[in-house]
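Here is the structure we will look at, set down as C-alpha cells.
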Amino acid sequence: MDERIVVVDDDAIILRNANAVLTGAGYKVTCLKSGRLLLDYAKNNSIDMLLLDIRMPEPDGFETLKLLRKMEKETGHREIPVIFFTANDDCASETEGLSLGAMDFVRKPFVAEVLTLRVRHLLDLIRLQRDLHAEVERKTKEVEGLSLHVVHTLADAIDAKDAYTKGHSGRVADYSKEIARRAGYSEEHQEEIYMMGLLHDVGKIGVPDAVINKPGKLTDEEYAKIKTHPERGAKILQNIEEMPKLATGARWHHERYDGRGYPDGLKGEEIPEEARIIAVADAYDAMTSNRSYRGLIPQDVVKSEIEKGSGTQFDPKFAAIMLEIIKEDVDYKLHEH
C-alpha cells in the first residue's frame, strides 16, 4: 500500500502499538509525539490519514486540528482526513471533533482489528470520493459530468456493507426517478434525483459493518452510530461543486414530514422535495427487501404502511404516487430479487 499514515500521541506505548498494527497491515507509518511536531511535518510531507490523540500537552488534539486546518487553508492544500484517538466516552468530545471535521473516533486502548478496519474503510471511502470528484471535473455538463459507472461502483460499495440490502441503492434510485417522472419533473431533474437516490446511503461507508449487519435489536449506542450516516453522506458529497444538490438526498432522506425525523428535524416543505421523494422510495424498498430477521413484507401490508405514513412520515403528494405504483404492480414484482 502507498497510503501514508501519521500517528500523533504523547503516549509511547500507543505509538508503538499503532505503528506495529498499521505497518503490519501494509501502510507507511510515521509516529510523532506532539501536535507541534505534526504541524512542522505537515509543511513538507504528504499525509493520507492522520490519527490524532485528543488529550495531549499543548496544543491538545482539538487545537492541533484547528491549526492544521488553518495551515491547509492558507497553503491551499487538501484537508487531511482525521481519526481522533480518545479515552473519553462523552458526546461532547465527539461533537467537538466532528464539528472540526474529524471523520471518526477510535477508543483507547484500541483493538488492533478495529483500528485497521476503521483506517481501511475511511481510506477506501476517500479514494472513491476523489475518483468521483475527478470524474465530475473531467466532464463539462452537470449530468454528463457524473459518470454512471463511477456512481454505480460507489453505490455497490455502499450496498456491499450490508449483507441484506444487495441492490438497495439502485432500486431506491429507480423508484425515486419514477415518482419524479409521475410528479411531472423534467428529464434532467429526474436524472438528478436518480443520482441522489443512488448515493443516498453513501454515509454508511463510515458506519462499522458489525452494526449494519447486526441481526438482533440495536443498542442505543449502535443506533446512534447508524443515525450518523446522513450527515456523513452529505459531507462526502457536498464538495462536488458541479452538482451542488447531490448531498440533498444523503442528508435529509430520514427527515419526516411531521418533523420527527433526523438529523435536522425539518418539517413539511422545509425538507427539500428530492429528499421527500427519496424518503418514500427508501421506505418502500426497506419493506420489500429481505432482512436477517424477516422476509419481504406482503404487498397489502406495505400499501397499508405507506397509507398510514402519509402526512406523518411522508409527503402526502409523493406517498400518493407511490400508492399508484403499488396499485399498478398487480403481480408484486417491485421488490428485492
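The values are calculated or read from the model by the stated rules, or taken from the named source; none is laboratory data. In this text, all values refer to a predicted model and were calculated from it rather than measured experimentally. Reconstructed Cβ throughout: ideal geometry from the backbone, glycine too, with neighbour counts over all protein chains shown.
Filtering region 184-206 for residues that are within 29 Å of Glu113 (Cβ to Cβ) and modelled with pLDDT under 85 leaves a non-empty set. Of the residues making up region 46-57, just one is closer than 13 Å to Lys33 by Cβ and surrounded by fewer than 17 Cβ atoms within 10 Å (Cβ to Cβ), namely Pro57. In region 1-10, how many residues are outside any loop (DSSP other than H, G, I, E, B) and either under 16 Å from Pro57 (Cβ atoms) or charged (D, E, K, R) (or both)? Residues that pass the stated criteria total 2. For region 11-45, filtering for residues that are buried (at least 16 other Cβ atoms within 10 Å of the Cβ), of a type outside the set (Phe, Trp, Tyr) and in a loop (DSSP other than H, G, I, E, B) leaves 4.
Examine region 143-158 for a residue that is over 30 Å from Leu296 (Cα atoms) and either within 19 Å of the chain's Cα centre (by Cα) or at pLDDT 75 or above (or both), and state whether such a residue exists. Before the answer, list the steps.
Our first condition is that a residue be over 30 Å from Leu296 (Cα atoms); within region 143-158, this holds for 143-147.
Those still in the list that are either within 19 Å of the chain's Cα centre (by Cα) or at pLDDT 75 or above (or both) too: 146.
There is at least one residue in region 143-158 that is over 30 Å from Leu296 (Cα atoms) and either within 19 Å of the chain's Cα centre (by Cα) or at pLDDT 75 or above (or both).
Within region 46-55, is there a residue that is assigned to a helix (DSSP H, G or I) and among the polar types (S, T, N, Q)? Don't jump to the end; show me each part of the working.
Of region 46-55, the ones assigned to a helix (DSSP H, G or I) are none.
No.
From the set of residues in region 278-308 that are among the hydroxyl-bearing types (Ser, Thr, Tyr) and over 25 Å from Ala250 (Cβ atoms), which is surrounded by the most Cβ atoms within 10 Å (Cβ to Cβ)? Let's see the steps before the verdict.
Here is the first cut: in region 278-308, the residues among the hydroxyl-bearing types (Ser, Thr, Tyr) are 284, 288-289, 292-293, 304.
From what is left, the residues that are over 25 Å from Ala250 (Cβ atoms) are 293, 304.
On the way: Tyr293: 9, Ser304: 12.
Ranking the candidates gives Ser304 first.
Yes or no: Ala286 touching a His at 6+ places or on another chain (Cβ under 9 Å) and modelled with pLDDT under 95? In short, yes. Here is a check on your reading of the model: is Phe62 of a type outside the set (A, V, I, L, M) and in contact (Cβ under 8 Å) with a residue 40 or more places away in the chain? Considered against the rule, which asks whether it is of a type outside the set (A, V, I, L, M) and in contact (Cβ under 8 Å) with a residue 40 or more places away in the chain, Phe62 comes out as no.
If you take just the helices (runs of 4 or more DSSP H) that sit entirely in region 243-337, which of them hold at least 2 residues that are closer than 17 Å to Ser169 by Cα and assigned by TED's automatic domain parsing to the domain that holds Glu231? Even if it seems obvious, please write down each step before you answer.
Values: elements: 246-252, 273-287, 299-309, 316-328.
Counting at least 2 such residues, we get 246-252, 273-287.
Among the conditions (1) modelled with pLDDT under 90; (2) surrounded by 21 or more Cβ atoms within 10 Å (Cβ to Cβ); (3) of a type in the set (Phe, Trp, Tyr), Tyr175 misses just one, which is (1).
When each of Ile278, Ile306, Ile271 is tested for being in contact (Cβ under 8 Å) with a residue 12 or more places away in the chain and touching a His at 6+ places or on another chain (Cβ under 9 Å), the lone residue that passes is Ile278. For region 105-122, which residues satisfy the criterion of being under 24 Å from Ala224 (Cβ atoms) and of a type in the set (A, V, I, L, M, F, W, C)? Residues satisfying the conditions are Phe105, Val106, Phe110, Val111, Val114, Leu115, Leu117, Val119, Leu122. Thr95: polar (S, T, N, Q), within 28 Å of Glu231 (Cα to Cα) and in a helix (DSSP H, G or I), yes or no? Here the answer is yes, as Thr95 does meet what is asked. Asp285 meets all of the listed conditions (1) closer than 17 Å to Ala320 by Cβ; (2) out of contact with any Gly (no Cβ under 6 Å at 6 or more places or on another chain); (3) touching a residue at least 40 places away in the same chain (Cβ under 8 Å) but one, namely (1). Restricting attention to region 128-136, does a residue exist that is over 16 Å from Lys245 (Cα atoms) and either at pLDDT below 75 or in the same structural domain as Thr288 (by TED's automatic domain parsing) (or both)? Scanning region 128-136 turns up at least one residue that is over 16 Å from Lys245 (Cα atoms) and either at pLDDT below 75 or in the same structural domain as Thr288 (by TED's automatic domain parsing) (or both).
The residues in region 61-92 that are crowded, with 17+ Cβ neighbours inside 10 Å, in contact with a Lys or Arg (Cβ under 9 Å, 6 or more places away or on another chain) and part of a helix (DSSP H, G or I) can be counted, and the count is 2.
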